[in-house]
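Taking it in order: structure first as structure tokens, then the write-up.
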Ligand SMILES: Cc1ncc(C[n+]2csc(CCOP(=O)(O)OP(=O)(O)O)c2C)c(N)n1
Ligand SMILES: [Mg+2]
């Protein structure tokens, strides 16, 4: 599949922005700056980047507890995201959502979700609503391998299928739900085979290969947009950090160091960067400038979040249904 030079660079930039944001958040969490729980996406950046690159601004996504990458790829800005993580009133949810409940409707980001698989049935509903309203939008639902054995998965895929709804189900199989391997939890070699039960196409793709992600997502999203119904995509990947930022030792008490090290050699960012350099589509100087700009964006976001006020107690009423106009 042919991707323009501009988009090639954008794919690299987005993956690097996601990595910088989450690796910085990991440090800020350890330093006690981020309340609540935090789940880093490091190692999985190609999935959010490749899938969201295909989407239009008016399309929707539903995200997970490990959702910062999805938000960044769909247009979320560092400073409002970080302010939300700090619990500040300038955050996307006025500081009341935090990492696992980030949402920004104007970007089509209908919410991260602390409930495993919690976005799947919502996505079926969003897909039905798109169809009912007759627009050509698409909704992408991200969930982990843990989400594939929830009731939501079976209900949501069934509903999306019988309504021929424009939904793309994206299973990020990072091989573990906390410490449980996906193989042990499902007995399956390929989780995408579950698509057969719901009469939709299913595909398993290397989730660390940005071009393979982009191409598979492109086909599924265009299919949904053309009114041909939902697809289940499984992307194989690996998280470099522990299940959550507070987990000691990057999860090495339930997985082997050599397994982690071998996945680090399949780093989606280094892999793509090497390809672009080899093909002469980018130079070392441009990469250095890109990294400096991203670091500046991160530093500005930290300053913005630090200097932002906490929400006032009354603001909870402004957000709630109880508020009388
Ligand atoms: C319904 C539900 N069950 C259990 C949990 C506790 N929990 C939080 S994250 C998680 C594992 C999720 O694994 P996966 O879906 O593979 O996503 P990953 O963390 O690997 O990205 C579990 C069991 C939860 N949040 N919601
Ligand atoms: Mg998982």
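Odds and ends about this structure:
- Candidates 110, 277, 191, ranked by Gaussian network fluctuation over the chain, Cα under 10 Å, top entry: 277
- Residue exposure sequence - 189, 59 - by fewest surrounding Cβ within 10 Å: 189, 59
- Here 70, 39 are placed in order of increasing Cβ neighbour count within 10 Å, fewest first, which gives 39, 70.
- Of the peptides 226-232, 292-298, 83-89, the order by per-residue mean of other Cβ atoms within 10 Å, starting with the highest, comes out as 83-89, 226-232, 292-298.
- Fluctuation leader among 300, 145, 22 - the chain, Gaussian network, Cα springs under 10 angstrom: 300
- Each of 92, 41, 310 has some number of other Cβ atoms within 10 Å of its Cβ, and from fewest to most they run 310, 92, 41.
- Normalising the average separation of contacting C-alpha pairs (under 8 angstrom, six or more residues apart) by the number of residues puts the relative contact order of the range 160-279 at 33 percent.
- Relative protection proxy for 240-252, 128-140, from highest mean packing down: 128-140, 240-252 (other beta-carbon atoms within 10 angstrom).
- With contacts taken as Cα pairs under 8 Å and at least 6 residues apart, the chain reaches a relative contact order of 22 percent.
- DSSP beta bridges confined to the chain are antiparallel in about 10 percent of cases.
No lab work stands behind these numbers, since they all come straight from the coordinates. In this text the structure is predicted, and so the values were computed from the model without any measurement. Note: ideal-geometry Cβ built from the backbone for every residue, glycine included; neighbour counts use all protein chains shown.
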